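The values are calculated or read from the model by the stated rules, or taken from the named source; none is laboratory data. Just so we're clear, the structure is a prediction, and the values are computed from it rather than from any experiment. Because the Cβ atoms are built from the backbone with ideal geometry, glycine has one as well, and the counts that use them run over all protein chains shown. Surface accessibility is based on the protein's heavy atoms, side chains included, excluding ligands, DNA and RNA. Shrake-Rupley method; radii C 1.70, N 1.55, O 1.52, S 1.80 Å.
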Amino acid sequence: MEVGGEVPVDVSIVIPARDCRPYLDRCLTSVLVQRVAKEIVVVDDGSTDGTAELLGLYAAHHRGTVKVVRVESSGGAGRPRNVGLGHATGRYVFFCDADDYLGPGALEHMLSAADRNDADIVLGKIVGHGRRVPESMFQRNADRAELGESAVYNSLSCFKLFRRDMLERHRIRFREGVFVGEDIYFTVHAYCHAGTISVVADHDCYHLVARPDGSSVMQRPASRDPLAWLAMIHEPIRLMTDHVPPGPLRDHLLARHFKLDILAQLGRPFLEADEVKRKDVAVAVAALCDRWLTDGVRERLGSADRQRLAALGDVERLALLAVIEAAPVERRLTGLCWDGRTLVVACEAALTGCAEPDGVALVLRTRHEPRRELVVPAVRSGGRWVARVDPALLDSGIWDLRVSVELAGVTRSARLGADRDTALARPPARLVGEVAVLPYFTRDHDNLSLDVGGHAVGVPGSARLVGTRWSLGRRLVLDGEIAVAGAAPPPEAVRRLVWRERGSGSERADRVVGLAGGGFVARPAVGRFGPGVWDAYLELDLGGPPARFRIEAGAESVAGPRRWLLGTEPCVARPYATSNRGRLSAVVRRLSARALLRRIMR
């Protein structure tokens with residue numbers, strides 16, 4: 001609805017800008033081309049590099065869309081964002097940094113999700129360019145992501161779509177006067193009041209860019225000071241606990257802060273600190289644990305973090321754990337073969353610069369449900385580690401293999417397979433019971449995975465016609481043999497016979513009987529087929545999507561044509577083996593009296 005001739009603003013894009021002239025054109029252009037009713041509020045935070053002049057040109061050429069507000073240099077992004085939010089008039093607000101940019105259609109996708117779900121916050125997929133970005137919450141789209149049952153709280157940056165009415169009603173603002181973390185405080189507060197949170201994971205919405213000169217706030221060394229970070233994170237945690245009562249939800253949110261904000265300071269930042277600062281960091285972490293660590297939080301932490309908690313009074317032990325946590329996982333696949341129905345995987349595995357591992361295991365994780373995993377311990381054998389995987393323990397799906405290395409109670413893991421012996425070949429597919437199991441190396445990173453059921457890799461197999469004959473009711477009796485991955489499938493795996501009409505793509509399904517030893521028998525009523533050319537397939541259930549095999553046939557195994565009357569109309573069905581690859585098909589025709597006379601007169 002228009003008020004006073006003006007189009008209501010759907011999204012206000014707030015951009016703090018300080019000495020970022022080289023990046024502004026890309027940023028502002030990416031926002032201007034967004035196909036939503038928008039306004040762009042740029043807050044110039046005391047720039048001295050020509051940013052102000054460039055912003056003036058944009059405002060002059062895009063009157064009514066680009067609004068420039070100038071403030072004295074504040075030293076952080078909190079105040080300019082608050083100033084921009086104060087000038088915003090849209091239903092939703094999106095915060096964008098001047099050195100980043102939006103993907104095409106980003107706001108359109110996020111606004112659509114917001115309106116469809118009546119969402120208060122929408123997370124759009126973030127893409128990093130020289131910067132690490134959150135990924136756990138972008139595995140799939142979500143109309144309603146529950147705060148306590150999803151990974152959305154892992155992302156506490158402000159690069160999201162927020163309902164402005166929610167921000168104003170609860171006076172949600174950025175912290176001012178802090179060097180880093182002003183957006184964490186803001187986003188935590190917003191999450192505490194959001195009724196519905198949506199996720200757009202299938203579209204690249206926000207591009208987070210590292211400046212080549214390392215001059216952005218989060219690229220400066222001071223932004224990674226562990227003591228400053230621990231002091232900063234106190235306020236967002238206090239704010240969250242003021243809004244969320246004790247219980248599973250609070251423990252879930254606190255666990256995020258302990259993993260990514262508190263105990264993370266005992267990792268690489270701890271190693272980079274001197275001995276005195278290390279003691280101060282350990283004391284600061286212990287103080288936060290005393291205040292907010294609960295049994296529910298502890299249960300949600302991994303092995304490395306629990307080891308750190310136990311070592312808070314031992315700085316040398318903390319340093320050792322940090323070294324182990326930072327060490328790359330060295331791994332090389334050295335053997336891969338079947339032993340009966342067991343897949344034997346051999347590898348070399350260690351942590352760079354560390355002692356021999358205390359233990360090694362293979363970890364198999366389902367690709368679309370990463371929390372589901374199977375851990376297979378490996379045993380030391382002749383200088384390498386060997387694990388025996390029983391595919392019968394795996395549900396249908398794609399399972400990615402990782403090697404897990406344990407040392408001093410800390411477990412590190414990495415994908416396995418890209419680095420492997422040159423003579424190592426992919427093992428063939430194998431039938432394990434009724435299920436096809438296919439080891440393969442992924443196309444993107446060449447790592448080892450198992451396809452249980454034939455979801456991504458075609459199942460090798462064949463269906464061969466032994467003989468045919470006509471029986472009563474114009475039925476064509478088929479006798480054949482099946483082989484899958486070089487073995488005879490069990491009779492119950494044989495699902496149905498499918499005939500597909502070549503021109504229209506329409507299908508008919510007929511019952512088929514599987515026999516012990518890999519045989520099958522079917523009696524399709526070919527006389528009931530409509531006119532056309534019909535190709536025959538045998539369909540099997542091998543633990544995943546139905547697997548179809550074109551039925552192979554030699555000319556000598558195919559019965560001759562059969563004719564009959566349908567009312568007064570002559571019909572003919574002619575089974576045949578195709579000339580190119582020798583596969584079973586059937587031509588069905590209905591002949592008019594004139595066509596039949598022409599045939600007779602030939």
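What's the extension gain from residue 587 to residue 231 if we count 0.36 nm per residue and subtract their Cα-Cα distance? Mind showing how you got there, number by number?
Details: separation 356, 0.36 × 356 = 128.16 nm, distance 7.97 nm.
Here the segment from residue 587 to residue 231 would lengthen by 120.2 nm.
How large is the helix-only mean residue ellipticity at 222 nm for the chain, computed as the sum of -39500 (n - 2.57) over DSSP H runs with n ≥ 4, divided by its residue count, in deg cm²/dmol to the nearest 500? Could the numbers behind the result be given before it?
Numbers: 14 runs with 148 residues, N = 602.
Mean residue ellipticity at 222 nm (helix-derived): -7500 deg cm²/dmol.
Give the angle, between 0 and 90 degrees and rounded to the nearest 10, that separates the Cα long axis of helix 248-257 from the longest principal axis of the Cα atoms of the chain.
Rounded to the nearest ten degrees, it is 70.
By average Cβ neighbour count within 10 Å, what is the ranking of 167-173, 60-66 from highest down?
Values: 167-173: 14.7, 60-66: 12.9.
Ranked from most to least packed, the peptides come out as 167-173, 60-66.
As an exercise, use a Förster radius of 35 Å and the Cβ-Cβ distance of residue 504 and residue 556 to find the FRET efficiency, rounded to the nearest 0.05. Before the final figure, lay out each step's value.
Numbers: r = 30 Å, r/R0 = 0.87.
Result of the calculation: an efficiency of 0.70.
Give the angle, between 0 and 90 degrees and rounded to the nearest 10, that separates the Cα long axis of helix 226-243 from the longest principal axis of the Cα atoms of the chain.
Here the helix axis deviates by roughly 80 degrees.
Less than 26 Å apart at the alpha-carbon level, and either on another chain or at least 8 residues along: which lysines does that give for residue 67?
Counting by Cα, and skipping residues close in sequence, residue 67 has these lysines nearby: 38, 160.
Roughly what % of DSSP beta bridges within region 1-66 run antiparallel, to the nearest 5?
Antiparallel bridges: around 10 percent, rounded to the nearest 5.
Given a 1.4 Å probe and every protein chain left where it sits, what share in percent of the accessible area of region 414-551 is carbon and sulfur?
Working: 2920 of 6110 Å².
Solvent-exposed carbon and sulfur of region 414-551 make up 48 percent of the total.
Please list, short to long, the whole-number percent of alpha-carbon pairs of region 42-180 in consecutive 5 angstrom bins beginning at zero.
The percentages, shortest bin first, are 2, 8, 15, 20, 21, 18, 10, 5, 2, 0.
Give the separation of the Cα centroids, region 108-129 to region 167-198, in Å.
The distance from the Cα centre of region 108-129 to that of region 167-198 comes to 17 Å.
Projecting each Cα onto the charge dipole of the chain (Lys/Arg +1, Asp/Glu -1 at the beta carbon, about the Cα centre), which of 43, 483, 31 comes out farthest on the positive side?
Among 43, 483, 31, the one farthest towards the positive end of the dipole of the chain is 483.
Quick one: which residues, 5+ away or cross-chain, put their amide H under 5 Å from the amide H of residue 407? H built at 1.01 Å from N.
Amide H to amide H, under 5 Å and 5 or more residues apart or across chains, residue 407 pairs with 358, 412.
Taking all pairs of distinct Cα atoms, average 1/r, flip it, and tell me the Kirkwood hydrodynamic radius of region 282-399 in Å to one decimal place.
After inverting the mean inverse Cα-Cα distance, the result is 17.1 Å.
Near residue 350, within a Cβ-to-Cβ distance under 9 Å, what is the net charge of the other residues, with Lys and Arg +1 and Asp and Glu -1? Mind showing how you got there, number by number?
Numbers: positive: 331; negative: 330, 348, 356.
Within the 9 Å Cβ shell, the charges total -2.
Calculate the spin-label point distance for residue 369 paired with residue 61, positioning each point 7 Å from the Cα along the beta-carbon direction, and give it in nanometres.
Calculated label separation equals 5.3 nm.
Could you check the simple spin-label distance between residue 344 and residue 286, using points 7 Å along Cα→Cβ, in nm with one decimal?
5.1 nm
If packing is taken as the average count of other Cβ atoms within 10 Å, what order do 234-244, 466-476 fall into, highest mean first?
Working: 234-244: 17.0, 466-476: 14.3.
Listed from highest to lowest mean packing, they are 234-244, 466-476.
Roughly how many nanometres apart are two label points built 7 Å out from the Cα toward the Cβ at residue 572 and residue 316?
Here the modelled spin labels are 9.6 nm apart.
Note down the net charge around residue 522, summing +1 for each Lys or Arg and -1 for each Asp or Glu among other residues with Cβ under 13 Å from its Cβ. Walk me through the numbers on the way to the answer.
Details: positive: 469, 475, 495, 496, 508, 511, 523; negative: 479, 481, 510, 539.
For residues surrounding residue 522, the net value is +3.
Only Cα pairs under 8 Å and at least 6 apart count here; give the relative contact order of the chain as a rounded whole percent.
Working: 1276 pairs, mean separation 43.4, N = 602.
For the chain, the relative contact order is 7 percent.
Can you give me the % of accessible surface on region 1-84 that is carbon or sulfur? Probe 1.4 Å, all protein chains present, nothing else counted. Spell out each step's value before the answer.
Numbers: 2050 of 4000 Å².
Its accessible area is 51 percent carbon and sulfur atoms.
Nearest 0.05, what FRET efficiency do residue 528 and residue 479 give at R0 = 22 Å with Cβ-Cβ as r? Walk me through the intermediate numbers first.
Numbers: r = 21 Å, r/R0 = 0.94.
Efficiency for this residue pair is about 0.60.
Could you do me a favour and compute the accessible area per residue for region 428-531, 1.4 Å probe, result in Å²? Working shown, then result.
Details: 4780 Å² over 104 residues.
Heavy-atom accessible area per residue stands at 46 Å².
With an 8 Å Cα cut-off and a minimum separation of 6 or more residues, compute the relative contact order for region 181-307 in percent.
On the way: 69 pairs, mean separation 36.3, N = 127.
Relative contact order, region 181-307: 29 percent.
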